[in-house]
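One structure is given here, and the rest of the page talks about it.
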Amino acid sequence: MTAREEKPIIEMSHVTFSYDAPAEGAAENREDAALRDVSLSIGEGEFVGVIGPSGAGKSTLASVMSGAIPHHYRGALYGATLVDGHDTCDVTLTDISQVVGSVLQDIDTQMVASVVEDEMLFGLENFGVPHDQIEGRIAQTLETVGISNLREREIATLSGGQKQKVAIAAILAMRPRVLVLDEPTAALDPASSTLVFDTLRKVREEGVTVVVIEQKVALLSEYCDRILVMSKGSLVLDGTPREVFSHGDELRRIGVDSPRVARVYNSLAKDGLVSGAPCLTVPEAAEVITGLVQPASKASCHVASAEEGAREAGFRAGSKHVAAPRPHAEGAQPVVSLEDVSFAYPGGTASVDHLDMRVYPGEVVGIVGQNGAGKTTLTKLLNGLLRPASGTVLMAGLDTHEVPTSAIAAHCATLFQNPDYQLCKDTVLEEVAFGLTLQGVDEKDAHERAGAVIERFGLSADEAPFSLSRGQRQMVALASVVVMEPEVVLLDEPTSGLDYRECMTVMDTVSEMAERGCAVIMVCHDMEVVSDFAERIVVMANGRILDRGGTLEMFSNAKLMREASVRAPQVIELSGVLARDLSPEFAGISQVSGIVDLTEEMVRRG
């Protein structure tokens with residue numbers, strides 16, 4: 001445990017917890033414990049991030065901090081947790097919630113009202129806040145979070161980012177001293193994610209302690225004072241972002257990613273070119289690399305053109321995850337085609353207009369844009385859940401206007417954003433085999449094919465799907481799609497809620513599907529994943545397609561990225577800065593290895 005000078009608002013001392021464990025003998029049997037001997041102290045006013053792979057105990061840690069353990073979840077609890085100096089076992093959950101407010105991973109399960117103002121009122125009235133204070137609290141909190149204009153909106157009409165802000169505002173109105181959030185940006189685009197963290201920073205500046213569980217390590221490195229790393233129920237690292245992300249190899253073994261610029265720095269450090277704590281931002285990384293290379297650049301007679309630099313750097317960026325456009329066979333026909341497609345929901349709450357797109361067999365195409373851009377509506381038009389008001393959608397040669405959804409499903413499989421929408425069986429094996437049996441595949445053959453896919457994903461065939469973590473449920477849902485071997489697969493946020501190792505398993509599987517000729521259309525808010533795996537991207541905003549083209553080309557278009565409220569991946573952003581300010585040879589690099597290899601080569605030239 002790192003010593004803290006601040007007065008602790010939360011203290012945990014040797015906390016071990018096992019869900020549904022019998023009291024007798026549970027202390028010794030810690031193999032199944034969700035938390036194992038966790039000790040930590042969080043000072044008032046700290047902004048703390050928590051990272052770790054799925055099943056590491058992050059959500060359990062949040063439940064202990066919020067008092068849900070021991071007052072809501074059953075199990076065997078050992079050790080002590082003090083909130084504002086009071087042992088959580090000795091006070092009521094109501095008492096604890098006066099100090100600690102929680103925002104859950106699944107926002108929709110936390111909402112109790114249909115209108116924003118009513119959501120705010122619910123907690124205030126239940127906490128017995130005097131009526132003459134309620135109006136002032138609501139107005140002040142909505143202004144703090146930046147959503148005063150949403151006060152009378154129906155929650156069902158809000159975007160994911162707006163819902164997150166409402167949930168935060170509803171908790172803040174009760175004036176907790178600690179705010180604990182469980183993956184608040186899991187389903188949000190980069191712009192909305194940044195807005196949520198900007199809100200948390202503002203809240204912290206007003207004296208609230210913030211503890212946030214999050215997979216987006218670049219965001220945490222930018223906003224947090226301190227990061228806790230969980231693995232197998234234990235706290236394994238605790239320090240500043242620079243201290244934690246200097247342990248890149250250890251984090252990777254655990255199953256946690258590091259910011260890409262930190263990975264660049266750590267790779268250079270391994271080769272003895274730099275030392276000390278890693279970079280966390282693109283400007284920092286650019287400054288370090290410029291300091292290394294500039295003397296060599298001045299001594300070198302070779303000056304590359306921008307075109308030559310992009311060509312050379314693109315070659316150096318080679319990696320099994322680099323998405324290179326695949327040439328279409330001469331005369332190849334698209335397996336997916338949209339021709340001037342428009343659609344509007346009843347009431348005009350959202351629409352897409354004049355969409356044109358073609359996808360060929362074996363392609364991986366990313367759909368990017370902010371929440372509300374029309375990406376999910378596009379996928380529903382493709383799989384026949386929605387029919388276009390005008391224009392034509394062809395799926396594997398079938399006009400979606402003319403055939404039933406079941407006929408489309410025989411060619412196109414969909415992984416929905418929320419995996420729970422497509423899970424219905426008692427075991428993982430039955431779930432993954434279910435689609436095959438519906439298509440008339442013999443039960444024995446269906447189970448054999450399902451078993452092979454389950455093994456590839458590292459899942460347990462006999463587990464009940466709803467007993468698994470959200471990330472594992474996502475893996476089960478994807479396995480049920482993969483086993484169908486469809487011509488087209490639609491992925492709506494396939495990596496949402498997954499840890500780094502699970503994400504790589506999923507995306508490697510997606511790449512294998514494409515190599516076998518499956519067309520993959522992927523809606524994704526993780527720009528690093530899109531950069532690594534999609535060879536083309538379609539950029540959307542306000543229900544329209546702004547542009548489409550090669551992944552690197554689109555991400556390198558700063559004006560387009562701003563218009564779509566998308567931030568390019570760190571490495572592409574870094575390569576652009578270095579190409580502009582240092583050498584055009586850096587142009588076109590999209591992978592950490594490409595930046596590192598070229599930097600080392602330029603240093604050797606000097």
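Which one of 191, 187 is open to solvent by 30 Å² or more (accessible area, probe 1.4 Å), part of a loop (DSSP other than H, G, I, E, B) and either within 24 Å of residue 373 (Cα to Cα) or small (Gly, Ala, Ser) (or both)?
On the way: 191 fails: part of a loop (DSSP other than H, G, I, E, B).
After ruling out the rest, the residue left standing is 187.
Quick one: would you say residue 437 is at pLDDT below 95, of a type in the set (S, T, N, Q), more than 25 Å from residue 533 (Cβ to Cβ) and not in a loop (DSSP other than H, G, I, E, B)? Spelling it out, residue 437 is indeed at pLDDT below 95, of a type in the set (S, T, N, Q), more than 25 Å from residue 533 (Cβ to Cβ) and not in a loop (DSSP other than H, G, I, E, B).
For region 173-184, which positions are of a type in the set (A, V, I, L, M) and open to solvent by 20 Å² or more (accessible area, probe 1.4 Å)? Give the steps one after another, and end with the answer.
Of region 173-184, the ones of a type in the set (A, V, I, L, M) are 173-174, 178-181.
Listed by number, the list holds a single entry, 174.
Of all residues assigned to region 216-230, none qualifies as being free of Cβ contacts under 8 Å to residues at least 12 places away in the same chain, in a helix (DSSP H, G or I) and open to solvent by 20 Å² or more (accessible area, probe 1.4 Å).
Looking across region 410-449, the residues that are more than 27 Å from the chain's Cα centre (by Cα) and among the hydrophobic types (A, V, I, L, M, F, W, C) come down to 410, 433, 434, 436, 438, 441, 446. Total residues in region 107-133 satisfying the condition of being open to solvent by 70 Å² or more (accessible area, probe 1.4 Å) and either in a strand (DSSP E or B) or touching a strand residue (DSSP E or B) at 6+ places or on another chain (Cβ under 9 Å) (or both): the figure is 1. When residues in region 342-386 are screened for being surrounded by fewer than 21 Cβ atoms within 10 Å (Cβ to Cβ), in contact with a strand residue (DSSP E or B) (Cβ under 9 Å, 6 or more places away or on another chain) and free of Cβ contacts under 8 Å to residues at least 60 places away in the same chain, 7 of them pass.
Listed by first and then second residue, the pairs linking a residue in region 574-603 that is on the phi > 0 side of the Ramachandran plot and in contact (Cβ under 8 Å) with a residue 40 or more places away in the chain to a residue that is surrounded by 18 or more Cβ atoms within 10 Å (Cβ to Cβ) and charged (D, E, K, R), with Cβ atoms under 9 Å apart and 6 or more places separating them unless they lie on different chains, are 588/312. The criterion of at least 3 residues that are surrounded by fewer than 19 Cβ atoms within 10 Å (Cβ to Cβ) is met, among helices (runs of 4 or more DSSP H) falling completely within region 496-561, by 500-515. Identify, please: which residue in region 466-482 is in contact (Cβ under 8 Å) with a residue 40 or more places away in the chain and open to solvent by 30 Å² or more (accessible area, probe 1.4 Å) and is, among those, farthest from the chain's Cα centre (by Cα)? Per the stated criteria, the residue is 466. Farther than 30 Å from residue 346 by Cα and open to solvent by 30 Å² or more (accessible area, probe 1.4 Å): does that describe residue 463? Yes; evaluated as a whole, the condition is true for this residue.
The values are calculated or read from the model by the stated rules, or taken from the named source; none is laboratory data. Predicted, not measured: the structure shown is a model, and the values here were computed from it. No Cβ is skipped: glycine too gets one built from the backbone with ideal geometry, and neighbour counts run over all protein chains shown. Note: areas computed on protein heavy atoms with side chains; ligands, DNA, RNA excluded. Shrake-Rupley method; radii C 1.70, N 1.55, O 1.52, S 1.80 Å.
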